[in-house]
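The values are calculated or read from the model by the stated rules, or taken from the named source; none is laboratory data. No experiment lies behind these values; they were computed from the predicted model shown. All Cβ positions, even for glycine, are placed from backbone atoms using ideal geometry, and neighbour counts span all protein chains on display. Just the protein is used for accessible areas: all its heavy atoms, side chains included, with ligands, DNA and RNA removed. Shrake-Rupley method; radii C 1.70, N 1.55, O 1.52, S 1.80 Å.
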Amino acid sequence: STWGYLSRKQALMSNKRKGSTSAEASPHKKAKHADGEDVASVDDPMAMWRAATIGNVIDSERKGRRVITFDHNDSVRHVLTVLGQHSLTSAPVITNTGGRDEADAYVGVISVQDILRGLFTRVLRDQESADGSIGAEHLAELSAKGKELLDSMAITALGSDVDLVLDSSVSHETPLGEVIRNHFVPPPAGEDAPRRRAAHRIALFDAHGRIHLIVSQSDVVRWLAAHQSHVPEFLDSDHINELGLVKGVGSMISVAETVNAATAFAKMFESGVSGIGVCDANGHVVDVVSASDLRGLLDVDLAALALPVREYLSAKHPMRRALVTIKPTARFSELLRTFASTKVHRVFVVDANDKPHGVITLTDVLAVLARIDAQ
């Protein structure tokens, strides 16, 4: 199993270090906090990882960034427009109390996925034709219902607090591994926990009880890519397929590039994921459909959902970047750098013939670190 593999690699690296002479050992005699303080001997391969705190990520990735919030009376149309402008998929919803030193009343989280999941599943449920596509009459209903949704108030479209979670117990000093385990990855199988999906972002509070910082999975992975001395080095001794990150041929949820966009989004929502692959006639993954493609949704976009999915994506994002891929033989450090440099939320694993072997998300990457941290 992946658990057993990581345990053996961790023990092997520790034993190698203990058996090394001082001349053979790493030139860095002590592990250091990100701020330079000594924390432990390098004999412990996990020392650098355990020294990292969420504050290190905040100081590097989030300092000076404004938190976007919405009033409960804002329209869904306004919410989707602003989320699109700021390249966000979710944000807190508050009621403004008006007092300068009083905490705003937090009423929930609104996200692109939660706003539109209900629309797509309600209108399109059991309406697929024999070839798996959504028919014209149901597209018309989707457009009509969508316009009603855009004019509704944000408070009517609050989500499940999964994409964004709030935890007043988290401070700058909280270990990064603890934040990842408790929020950014799903609970271990069999654990009795109310939350079954990973959160993508976590909100932190100031002394007045106001949300003043939001840290995302992307922030954490970018920080790790820039500070790889804090990543246990035994993770880089083998390929990513040996870390359990490559699921294999046939594991990827996808649609054909010829289906209309409505069908693609409906399948994404029904599958309970935030993104799926788009494949050509040869089975090669050529694009990706994700919840972020619905940010900034306007009335005109609803009609465009009848277009073939690749045509819809090209029209909505004329400067759309090339699909981000990686080989199964890549190392963990390369995977971190790929996420950091491209700023994507998922990387597709393809072989030498460009056949897909699965998709790796930010949650998958952080889950590897959560497993070794738990051990």
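Annotation: of all residues in the range 324-375 being out of contact with any Ser or Thr (no Cβ under 6 Å at 6 or more places or on another chain) and of a type in the set (Lys, Arg), the one that is least open to solvent (accessible area, probe 1.4 Å) is Arg371.
Has the range 24-33 got any residue that is modelled with pLDDT of 90 or more, in contact with a Ser or Thr (Cβ under 7 Å, 6 or more places away or on another chain) and not in a loop (DSSP other than H, G, I, E, B)? No, the range 24-33 contains no residue that is modelled with pLDDT of 90 or more, in contact with a Ser or Thr (Cβ under 7 Å, 6 or more places away or on another chain) and not in a loop (DSSP other than H, G, I, E, B). Residues that are open to solvent by 30 Å² or more (accessible area, probe 1.4 Å) and touching an Asp or Glu at 6+ places or on another chain (Cβ under 8 Å) were ranked within the range 71-88; the one that is farthest from Ile211 (Cα to Cα) is Arg77.
Of the helices (runs of 4 or more DSSP H) contained entirely in the range 89-182, those carrying at least 1 residues that are of a type in the set (Asp, Glu), closer than 30 Å to Ala306 by Cα and at pLDDT 85 or above fall at 136-150.
Restricting attention to the range 278-291, does a residue exist that is open to solvent by 20 Å² or more (accessible area, probe 1.4 Å) and of a type in the set (Gly, Ala, Ser)? Within the range 278-291, one or more residues are open to solvent by 20 Å² or more (accessible area, probe 1.4 Å) and of a type in the set (Gly, Ala, Ser). Remark: pairs (first residue in the range 322-334, within 14 Å of Gly248 (Cα to Cα); second residue open to solvent by less than 80 Å² (accessible area, probe 1.4 Å) and assigned to a loop (DSSP other than H, G, I, E, B); Cβ separation under 8 Å; 6+ apart in sequence or on different chains) = Lys327/Asp351; Pro328/Val246; Pro328/Asp351. Taken residue by residue, the range 41-49 has at least one member that is open to solvent by 50 Å² or more (accessible area, probe 1.4 Å), more than 20 Å from Ala374 (Cβ to Cβ) and either over 20 Å from the mean Cα position of the chain (by Cα) or at pLDDT 55 or above (or both).
Scanning the range 258-272 for residues that are among the hydrophobic types (A, V, I, L, M, F, W, C), surrounded by fewer than 24 Cβ atoms within 10 Å (Cβ to Cβ) and touching a Phe, Trp or Tyr at 6+ places or on another chain (Cβ under 8 Å) returns a single hit, Phe269.
So, Ser218, is that one closer than 30 Å to Glu173 by Cβ, among the small types (Gly, Ala, Ser) and either modelled with pLDDT under 90 or surrounded by fewer than 19 Cβ atoms within 10 Å (Cβ to Cβ) (or both) or not? Here the answer is yes, as Ser218 does meet what is asked. Annotation note: Cβ proximity below 8 Å between a residue of the range 56-75 that is within 11 Å of Val220 (Cα to Cα) and hydrophobic (A, V, I, L, M, F, W, C) and a residue that is at pLDDT below 90 and open to solvent by less than 40 Å² (accessible area, probe 1.4 Å) (sequence gap 6+ or interchain) occurs for Ile58/Leu204; Ile58/Leu213.
Considering only residues in the range 292-308 that are touching a residue at least 12 places away in the same chain (Cβ under 8 Å) and either in contact with a Gly (Cβ under 7 Å, 6 or more places away or on another chain) or among the β-branched types (Val, Ile, Thr) (or both), the one that is most open to solvent (accessible area, probe 1.4 Å) turns out to be Arg295. Across the range 243-259, what is the total count of residues that are outside any loop (DSSP other than H, G, I, E, B) and out of contact with any strand residue (DSSP E or B) (no Cβ under 9 Å at 6 or more places or on another chain)? The number of residues fulfilling the criteria is 1. Counting just the residues of the range 51-68 that are at pLDDT below 90 and assigned to a loop (DSSP other than H, G, I, E, B), which one comes out least open to solvent (accessible area, probe 1.4 Å)? Among them, the one singled out is Val67.
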